[in-house]
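What follows is one structure encoded as structure tokens, with my remarks underneath.
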Amino acid sequence: MTEEQAFYENQILGLQDEVERLRKLVKRQGPPDEPIFILRAQDMMAPALVQLWISINPQISVEKRMEAQEILEAMRKWKFKKLAD
């Protein structure tokens, strides 16, 4: 397995874990048929949208703000960027 293949395999496994975590979160916090919108780090606009979300929601808890900031930083560091599909 090449280094690039290993990278993608790790990304896929991580994404599968994240999808499962999101499914559990949605089931726990809202109705199962509630629409949700997911931004991916590869989307060039995602970091700007997360930053906007943080800035227009001053009432969010410190914990949620820190989590969003961590996601924002990880999105900014993401190697592969493209326009949304």
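The values are calculated or read from the model by the stated rules, or taken from the named source; none is laboratory data. The model shown is predicted, which means the values in this text are computed figures rather than measured ones. For neighbour counting, all protein chains shown are included, and Cβ atoms are generated from backbone atoms with ideal geometry for every residue, glycine included.
For the range 49-73, name all the residues that are under 23 Å from G14 (Cβ atoms) and either small (G, A, S) or not assigned by TED's automatic domain parsing to the domain that holds A84 (or both).
Of everything in the range 49-73, just one residue is under 23 Å from G14 (Cβ atoms) and either small (G, A, S) or not assigned by TED's automatic domain parsing to the domain that holds A84 (or both), namely A68.
So, in the range 51-69, exactly how many residues are farther than 17 Å from E18 by Cα and surrounded by 15 or more Cβ atoms within 10 Å (Cβ to Cβ)?
Matching residues across the range 51-69 total 2.
Table: residues versus (1) at pLDDT below 75; (2) surrounded by 11 or more Cβ atoms within 10 Å (Cβ to Cβ); (3) of a type outside the set (D, E).
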residue	(1), (2), (3)
Q11	yes, yes, yes
G14	yes, no, yes
L22	yes, yes, yes
V26	yes, yes, yes
P32	yes, no, yes
F37	no, no, yes
R40	no, yes, yes
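Can you name every residue in the range 41-63 that is outside any loop (DSSP other than H, G, I, E, B), within 29 Å of L83 (Cα to Cα) and β-branched (V, I, T)?
V50, I54
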